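J.: Sharing a structure here in structure tokens format.
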Amino acid sequence: MTDLLASLNSPQQEAVTTTEGPLLVLAGAGSGKTKMLTSRIAYLIQTGRARAHEILAVTFTNKAAREMRERVVRILDGTGFAPYDMGTFHSICAKILRKEAAYLPFTKPFVIYDDSDQHTLIKSIVKAKNWDEKLYSPKAFQYAINRLKCDAREPGDPFAQVSRMIERKFPELWEAYHRAMIDNNAIDFGEMITMTYRLLRDHEDVRAFYQRRYKYILVDEYQDTNRAQYLLLSHLAKPEFGGRGNICVVGDEDQSIYGWRGADIKNILDFEKDYPSAKVVKLEQNYRSTQTIVNAASHVIANNLERKNKTLYSRESIGDPIIRLQCPDDRFEAEQVVKEIQAQLAEHHDLSFHDFAILYRTHAQSRLFEEFLRQAKLPYKIVGGLRFFDRKEIKDVMAYLKLVLNPDDSVSFRRIINVPARGIGKTTLDKLEAAWGQKGSLWTFFCKEMDQPTLFAGKTLKKLQQFRDMIERWMTEVAVMSVVDLYHKIIDETNYIGDLRNEGSDESHERIENLEEFNTVILEFEERTEDPVGKLTDFLESVSLADAPETDGQQSSIQLMTFHGCKGLEFPMVFMVGCEEGLFPSVKGDDDRVIERELEEERRLCYVGMTRARRLLYMSHAAFRRVWGNMLYQYPARFFNEIPANLVQVRDHGREYSTDRVRSI
């Protein structure tokens, strides 16, 4: 017992030994919250307060749950401890629902539908109702259903956060989806939480059983919980529902960055209102970063109003100042970041490639860094995403360009004949290919069938002919058009971006950003070309050669990821790029309250990014950035004005532009 507590600092010890009643542990970045949580579980067992199956420990990822279990097993080595209910919200809920199957509306053991299964079902419902998928996107329906389930909404409830495009049909679709899931004895990820909550809410005997069973409840990353998860925990822990009140939640409202997917920061901010007898313990010592990095991050986050009063500090070395790279444009920024990485590797032989992370606000920004890393022959890895030219929307438009240049390209033909959806399904394509029989050119066979139809008739034939006519028209124009003009013709006439806008999801918005960046790829090619007209062959060749993957076999790689993807990670060297108003912070609201809320979340995102760095932090911005072909002037992010000047070293690579003026939003 003494050994268990001796390795903890004073606030950590207090959090471990405060076992009875509600406890809020505010754990700042790098403050050792996982160590505290696992020590608390071990302490409860060692002191005889609870057996393993009487402790419910909830995390957000399987990795975190696995780490927690492994650490507790190590601490209690030799005691015969076997981890029990330690897992994600979904794994815990699945276990409860399996056990209480008699209360569920299913006739057989339920199966779990992943996102792909869910989308397939919604798509089949839209098709059965004869709705136009272009007007009523299955992905938009899916996004809306999942978002509303985060708030524990059910079919028939008043709803919001549904795009105008699908709003009229949404109640009917959701009801049909709900019935179909029950008929299929299936459950989706969102329903796993909401169904467990409703089970506890509506059945007092079930609720009482789990309240007796779980003497102690521990919740990690509480700032990331949504409304449905909050209600689930409340019905297990709150005295007003018969709970014991022994709930310990651990989190940091300054790291609440998932509001866009349903997380509600008020869950952690209002914990003391929900549990008036709650004790609050603050873990404020950062064990990760230098004093300079911690102080700078603390000054930034102090500008938020929705937060608890706490001050992060570090007893590590003061460290180097934060380096601010002021760059003339986005290409220079990417090139300079790569040069800085090369310089650091040359100077510090203890560093490896995996010690460097490049953090950006949107995946589309990775493209330029990929280009310069390849040129420098530095290995890199896109974390949580694909390389730029491997992304679906980029491969789609590339397939269109390839088919226009070479209609005998059957791979590209298959890829885009029904992208975006134009009513040419797999059955039609299979029928065409079966008749073709791999003899000669598929395109030649296809065009002959369109002129002398034997396989198709009616609406199907008309859709196929329209596709053929569109491609042939572009084939006649390609010799007298620039690549960028052809690109715009393709995305306009196929309504590729229009379909993505109608979908209205975060994923579709990201795809549009990638297509915007692809526009920049074309323009950069044309700027290097004396006469850009009729140069499609050269462009496709340049992309293919430039995107050749590195094959040096090195496992250690520079890490590229979004700010959202970096949470929970740490690196000796961190580059935060694109720190510009409108890009980062990114604000899309249209009234003052929404704007302020979004700005606070962007500031939390900045705080998370800054506190990933252990030894050295770079923050860069460009004076000009290309957006859909236009070079736009960019204002430096307001974050720079929130960091004391004595903590920053400015390296000005710019060309006569103001570095202090911040556009008001």
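The values are calculated or read from the model by the stated rules, or taken from the named source; none is laboratory data. In this text, all values refer to a predicted model and were calculated from it rather than measured experimentally. Virtual Cβ from ideal backbone geometry, glycine too; neighbours counted across all protein chains shown. When the accessible area is computed, the model is the full protein with side chains, heavy atoms only, and any ligands, DNA or RNA have been set aside. Shrake-Rupley method; radii C 1.70, N 1.55, O 1.52, S 1.80 Å.
J.: How about region 569-588: which of its residues are touching an Asp or Glu at 6+ places or on another chain (Cβ under 9 Å) and over 19 Å from TYR635 (Cβ atoms)?
T.: Within region 569-588, PHE571, PRO572, MET573, PHE575 meet the criteria.
J.: Additional query: Right, LYS282: modelled with pLDDT under 95, in contact with a Leu (Cβ under 6 Å, 6 or more places away or on another chain) and closer than 19 Å to ASP252 by Cβ or not?
T.: Working: modelled with pLDDT under 95: no; in contact with a Leu (Cβ under 6 Å, 6 or more places away or on another chain): yes; closer than 19 Å to ASP252 by Cβ: yes.
Answer is no for this residue.
J.: Sticking with this one: Taking region 206-257 as the search range and keeping residues that are over 16 Å from CYS93 (Cβ atoms) and hydroxyl-bearing (Ser, Thr, Tyr), which one is farthest from the chain's Cα centre (by Cα)?
T.: TYR216
J.: Go through region 492-511 and give me each residue that's in contact with a Leu (Cβ under 7 Å, 6 or more places away or on another chain), open to solvent by less than 20 Å² (accessible area, probe 1.4 Å) and not small (Gly, Ala, Ser).
T.: ILE497
J.: Now for a separate question. Considering only residues of region 597-635 that are more than 30 Å from SER317 (Cβ to Cβ) and in contact with a Leu (Cβ under 8 Å, 6 or more places away or on another chain), which is surrounded by the fewest Cβ atoms within 10 Å (Cβ to Cβ)?
T.: Our first condition is that a residue be more than 30 Å from SER317 (Cβ to Cβ); within region 597-635, this holds for 597-601, 622-635.
Now restrict to residues that are in contact with a Leu (Cβ under 8 Å, 6 or more places away or on another chain): 600, 624-626, 629, 634.
Working: GLU600: 22, PHE624: 19, ARG625: 22, ARG626: 19, GLY629: 13, GLN634: 23.
Within region 597-635, the match that is surrounded by the fewest Cβ atoms within 10 Å (Cβ to Cβ) is GLY629.
J.: Right, here's the next one. Please specify each residue of region 313-331 satisfying the condition of being of a type in the set (Val, Ile, Thr) and either touching a residue at least 60 places away in the same chain (Cβ under 8 Å) or in contact with a His (Cβ under 6 Å, 6 or more places away or on another chain) (or both). Talk me through it step by step, then tell me what you get.
T.: Let us first name the residues in region 313-331 that are of a type in the set (Val, Ile, Thr), namely 318, 322-323.
Across region 313-331, the qualifying residues are ILE322, ILE323.
J.: How many of the residues in region 141-164 are part of a helix (DSSP H, G or I), at pLDDT below 90 and closer than 20 Å to THR120 by Cα? Steps first, please.
T.: Initial filter on region 141-164 (part of a helix (DSSP H, G or I)): 141-150, 164.
Filter once more, so that each one left must be at pLDDT below 90: 164.
Of the ones still in play, those that are also closer than 20 Å to THR120 by Cα are none.
Of the residues in that region, 0 qualify.
J.: A follow-up question, please. Mind listing just one residue for me: the one in region 577-616 that is among the small types (Gly, Ala, Ser) and outside any loop (DSSP other than H, G, I, E, B) and, of those, nearest to ILE643 (Cα to Cα)?
T.: To start, the set of residues in region 577-616 that are among the small types (Gly, Ala, Ser) comprises 578, 582, 586, 589, 609, 613.
When the remaining residues are screened for being outside any loop (DSSP other than H, G, I, E, B), the result is 609, 613.
Details: GLY609: 14, ALA613: 16 Å.
Here the answer is GLY609.
J.: Shifting gears a bit: State whether the residues of region 203-211 include one that is within 30 Å of LEU26 (Cβ to Cβ), open to solvent by less than 10 Å² (accessible area, probe 1.4 Å), touching a residue at least 12 places away in the same chain (Cβ under 8 Å) and not in a helix (DSSP H, G or I).
T.: Let us first name the residues in region 203-211 that are within 30 Å of LEU26 (Cβ to Cβ), namely 207, 210-211.
If we keep only those that are open to solvent by less than 10 Å² (accessible area, probe 1.4 Å) too, we end up with 210.
Filter once more, keeping what is touching a residue at least 12 places away in the same chain (Cβ under 8 Å): 210.
Adding the requirement that they be not in a helix (DSSP H, G or I) leaves none.
No; the residues of region 203-211 include none that is within 30 Å of LEU26 (Cβ to Cβ), open to solvent by less than 10 Å² (accessible area, probe 1.4 Å), touching a residue at least 12 places away in the same chain (Cβ under 8 Å) and not in a helix (DSSP H, G or I).
J.: For region 341-366, how many residues meet the condition of being in contact (Cβ under 8 Å) with a residue 60 or more places away in the chain, open to solvent by 10 Å² or more (accessible area, probe 1.4 Å) and farther than 22 Å from LYS567 by Cβ?
T.: So the answer is 3.
J.: Oh, and also: For region 392-420, which positions are open to solvent by 40 Å² or more (accessible area, probe 1.4 Å) and closer than 14 Å to LEU464 by Cβ?
T.: Let us first name the residues in region 392-420 that are open to solvent by 40 Å² or more (accessible area, probe 1.4 Å), namely 392, 395, 402, 405-406, 408, 411, 414-415, 418.
If the condition is that a residue be open to solvent by 40 Å² or more (accessible area, probe 1.4 Å) and closer than 14 Å to LEU464 by Cβ, then ARG414, ASN418 are the ones that fit.
J.: A further question on this structure: What's the number of the condition ALA622 fails, among (1) free of Cβ contacts under 8 Å to residues at least 40 places away in the same chain; (2) not in a helix (DSSP H, G or I)?
T.: Failed condition: (1).
J.: Looking at this structure, is ASP270 without any contact (Cβ under 8 Å) to a residue 24 or more places away in the chain, within 27 Å of the chain's Cα centre (by Cα) and on the phi < 0 side of the Ramachandran plot?
T.: On the way: without any contact (Cβ under 8 Å) to a residue 24 or more places away in the chain: yes; within 27 Å of the chain's Cα centre (by Cα): yes; on the phi < 0 side of the Ramachandran plot: yes.
Judged against the criteria, ASP270 is a match.
J.: Answer yes or no: is there a residue in region 214-221 that is of a type in the set (A, V, I, L, M, F, W, C), open to solvent by less than 10 Å² (accessible area, probe 1.4 Å) and in a helix (DSSP H, G or I).
T.: First, pick out the residues of region 214-221 that are of a type in the set (A, V, I, L, M, F, W, C): 217-219.
Next, only the ones that are open to solvent by less than 10 Å² (accessible area, probe 1.4 Å) stay: 217-219.
Checking which are in a helix (DSSP H, G or I) leaves us with none.
No: zero hits.
J.: Follow-up question, since we're still on this one. Within the set of pairs 6+ apart or on separate chains, which have a first residue in region 516-534 that is basic (Lys, Arg), a second that is modelled with pLDDT of 95 or more, and C-beta atoms under 7 Å apart?
T.: none
J.: Let me ask something else about it. Can you tell me which residue among ASP224, ASP220, ASP188 is within 21 Å of TYR103 (Cα to Cα), in contact (Cβ under 8 Å) with a residue 60 or more places away in the chain and among the acidic types (Asp, Glu)? Break it down into steps so the answer makes sense when it comes.
T.: Values: ASP224 fails: within 21 Å of TYR103 (Cα to Cα); ASP220 fails: within 21 Å of TYR103 (Cα to Cα).
When all the criteria are applied, what remains is ASP188.
J.: Go through region 244-259 and give me each residue that's open to solvent by 10 Å² or more (accessible area, probe 1.4 Å) and assigned to a loop (DSSP other than H, G, I, E, B). Quick ask: steps written out before the conclusion?
T.: Filtering region 244-259 for residues open to solvent by 10 Å² or more (accessible area, probe 1.4 Å) gives 244, 246, 255, 258-259.
Within region 244-259, ARG244, ASN246, TYR258 qualify.
J.: Restricting to region 546-563, give me the number of residues that are modelled with pLDDT under 95 and not polar (S, T, N, Q).
T.: 7
J.: Among the residues of region 433-446, how many are over 12 Å from PHE413 (Cα atoms), open to solvent by less than 40 Å² (accessible area, probe 1.4 Å) and in contact (Cβ under 8 Å) with a residue 12 or more places away in the chain?
T.: Here the count works out to 0.
J.: Please enumerate the residues belonging to region 474-512 that are among the aliphatic types (A, V, I, L, M) and on the phi > 0 side of the Ramachandran plot. Write out each step before concluding.
T.: First pass over region 474-512, keeping only residues among the aliphatic types (A, V, I, L, M): 475, 478-481, 483-484, 486, 490-491, 497, 500, 512.
Residues satisfying the conditions do not exist here.
J.: Looking only at residues that are of a type in the set (Lys, Arg) and open to solvent by 20 Å² or more (accessible area, probe 1.4 Å) in region 140-198, which one is farthest from TRP260 (Cα to Cα)? Lay out the reasoning, then the answer.
T.: Step one: filter region 140-198 for residues of a type in the set (Lys, Arg), giving 147, 149, 153, 164, 168-169, 179, 198.
Then drop every residue that is not open to solvent by 20 Å² or more (accessible area, probe 1.4 Å), which leaves 147, 153, 164, 168-169, 179, 198.
Values: ARG147: 9, ARG153: 17, ARG164: 18, ARG168: 23, LYS169: 23, ARG179: 28, ARG198: 24 Å.
Selected residue: ARG179.
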